[in-house]
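Q: My questions will all concern the structure given below.
The values are calculated or read from the model by the stated rules, or taken from the named source; none is laboratory data. Predicted, not measured: the structure shown is a model, and the values here were computed from it. Cβ placement follows ideal geometry from the backbone for every residue including glycine, while neighbour counts extend to all protein chains displayed.
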Amino acid sequence: MMRFFTLDQLRENIGIALDALRGSKLRSGLTILGVVIGVATVMTMASIVQGVRDQILDTIQIAGPTTFYVMKIFSKTPVNPQMLPKYIRVRPDLSFAESQRLAELPQIHYAAIWAQVMGRLEYAGNRTQATAIFGADDRYQELQGGELTAGRWFTKAELRSGGAVVVIDETKALRLFGRETAIGKTMNVAGRPLQVIGLYVPPLNAFAPPGQETGAIVPFLFAWHAYNIDKTNALFIPIKPRPGVSVAEAEDAVRVALREMRHLRPSEKDNFDLMSQDQLLDTFMSITDIFFLVMIALASVALMVGGIGVMAIMMVSVTARTREIGVRKALGATRRDILLQFLVEAATLTGIGGLLGIAVGLGTGRLATSLMNIKADMPWGYTGIAVAVSVGIGLVFGVVPARRAARLDPIEALRYE
């Protein structure tokens with residue numbers, strides 16, 4: 001005689017479980033609600049995290065995996081410029097002269113100093129929320145991707161003089177100007193009047209250090225003179241090595257040049273930081289990992305509540321079906337048969353909850369990623385895990401009521417009213 005149940009037994013027990021669930025729809029629905037919420041939370045966050053990670057990888061590829069940045073300090077969280085620790089205060093700010101010197105190195109294809117400020121875009125009484133305004137140059141699109149859909153980028157004369165011109169995000173232009181043509185109009189950018197010379201569409205979920213959505217790009221020298229720039233967190237030098245030059249070689253050349261310009265002795269540490277794409281990737285992956293782990297913890301609480309609900313409802317079910325259990329035992333059902341029946345019923349209950357949770361979570365995740373303007377593929381791996389976890393919860397929390405049912409004395413069970 002086989003020790004394990006057969007496929008026919010499993011099919012029969014699932015049928016019995018479904019009949020029992022149909023007999024108490026409200027009770028079963030309330031029981032699986034915790035499982036639905038927990039699994040839906042996991043699937044929603046899996047979709048969002050997967051989408052964010054894919055977009056980070058895509059935008060790093062746009063900038064090029066060899067692009068790296070020079071910063072005054074590289075920190076996973078921005079430091080308060082009003083309360084800087086001494087080791088940061090003693091570091092000199094990055095300068096335009098340093099970016100020019102680095103651009104002249106034989107190992108370097110491109111280097112320039114960029115800045116970022118936050119401000120509103122305004123025109124004729126309409127204005128946006130605070131958005132990122134980059135002080136850069138005409139190579140911005142080359143490094144950050146996207147497309148210039150109308151107008152032009154800055155001329156050399158405008159870059160040298162810090163001309164009062166701006167290239168703005170196309171969606172912001174539509175919000176501010178409506179059907180009017182934005183090119184040639186004068187608008188306020190963070191409180192300064194600038195002439196619109198171009199419309200720009202960033203790549204999907206564009207990623208640019210320090211990482212906010214781009215609303216406008218102005219010549220760097222204009223930003224330098226017109227705005228109060230946080231020189232600790234929002235000033236950086238993007239660098240691209242020449243073709244054939246490795247990132248390590250380029251970083252070594254940049255490090256040597258900066259140390260010479262800053263007159264650092266061999267025993268002194270660097271008073272600047274180099275930030276590679278790998279570091280950026282690790283930073284953002286760690287952030288998304290923490291975010292996902294927090295959501296897993298919250299989902300685990302919901303799943304635990306759902307599991308306790310399953311245990312409670314199965315205990316009630318065992319009590320209500322005591323006579324049925326006695327009849328089955330009298331007809332020859334073994335303890336293993338009864339144990340299997342109630343385990344399968346608990347697993348079916350949570351399995352249904354898991355499938356509903358997956359459907360709800362994927363739908364919610366798709367909606368969230370659409371609102372965030374992120375392309376997200378179906379997280380198939382997490383889908384399989386979610387089903388396995390939900391069924392596993394039923395098995396774990398169904399053991400106690402199933403063992404209680406299996407141990408019932410058939411004679412006493414038949415006498416139960």
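Q: Does any residue of the range 81-96 turn out to be surrounded by 14 or more Cβ atoms within 10 Å (Cβ to Cβ), modelled with pLDDT of 75 or more and in contact with a Ser or Thr (Cβ under 6 Å, 6 or more places away or on another chain)?
A: Taking every residue of the range 81-96 in turn, none turns out to be surrounded by 14 or more Cβ atoms within 10 Å (Cβ to Cβ), modelled with pLDDT of 75 or more and in contact with a Ser or Thr (Cβ under 6 Å, 6 or more places away or on another chain).
Q: Quick check, is R323 farther than 19 Å from G29 by Cβ, at pLDDT 75 or above and assigned to a helix (DSSP H, G or I)?
A: Values: farther than 19 Å from G29 by Cβ: yes; at pLDDT 75 or above: no; assigned to a helix (DSSP H, G or I): yes.
For R323, the condition - farther than 19 Å from G29 by Cβ, at pLDDT 75 or above and assigned to a helix (DSSP H, G or I) - is not met.
Q: Something else now. Of the residues A112, A130, only one is closer than 30 Å to I73 by Cβ and without any contact (Cβ under 8 Å) to a residue 24 or more places away in the chain; which?
A: Numbers: A112 fails: without any contact (Cβ under 8 Å) to a residue 24 or more places away in the chain.
Exactly one residue qualifies, and that residue is A130.
Q: Filter the range 231-257 for residues that are under 35 Å from the mean Cα position of the chain (by Cα), of a type in the set (A, V, I, L, M, F, W, C) and either surrounded by 15 or more Cβ atoms within 10 Å (Cβ to Cβ) or within 24 Å of V90 (Cβ to Cβ) (or both) and give the result. Working first, answer last.
A: Going through the range 231-257, the residues under 35 Å from the mean Cα position of the chain (by Cα) turn out to be 231-255.
If we keep only those that are of a type in the set (A, V, I, L, M, F, W, C) as well, we get 234-237, 239, 245, 247-248, 250, 253-254.
Across the range 231-257, the qualifying residues are A234, L235, F236, I237, I239, V245, V247, A250, A253, V254.
Q: Are any residues in the range 296-313 within 15 Å of G29 (Cβ to Cβ) and not β-branched (V, I, T), and if so, which ones?
A: Result: G306, G309, A312.
Q: For a quick check of your reading of the model, give me the residue pairs whose first member lies in the range 135-148 and is at positive phi, whose second is in a helix (DSSP H, G or I), with beta-carbon atoms closer than 9 Å and at least 6 apart or on different chains.
A: Here the result reads G145/D58; G145/T59; G145/Q61; G145/I62; G145/A63; G146/I62; G146/Y140, each pair linking the range 135-148 to a residue that is in a helix (DSSP H, G or I).
Q: Kindly provide the set of residues from the range 146-166 that are surrounded by 12 or more Cβ atoms within 10 Å (Cβ to Cβ) and hydrophobic (A, V, I, L, M, F, W, C), ordered by number.
A: L148, A150, W153, F154, L159, A164, V165, V166
Q: Against the condition modelled with pLDDT under 75, closer than 14 Å to A46 by Cβ and aliphatic (A, V, I, L, M), how does M378 come out, does it pass? Explain how you work it out, then say what you get.
A: Numbers: modelled with pLDDT under 75: yes; closer than 14 Å to A46 by Cβ: yes; aliphatic (A, V, I, L, M): yes.
It is true that M378 is modelled with pLDDT under 75, closer than 14 Å to A46 by Cβ and aliphatic (A, V, I, L, M).
Q: In the range 256-288, how many are assigned to a helix (DSSP H, G or I), over 24 Å from E142 (Cβ atoms) and at pLDDT 90 or above?
A: Initially, the range 256-288 is screened for residues assigned to a helix (DSSP H, G or I), giving 256-261, 277-288.
Still in the running and over 24 Å from E142 (Cβ atoms): 256, 259-261, 282, 285-288.
Narrowing the set further to residues that are at pLDDT 90 or above leaves 256, 259-261.
Within the range 256-288, residues that are assigned to a helix (DSSP H, G or I), over 24 Å from E142 (Cβ atoms) and at pLDDT 90 or above number 4.
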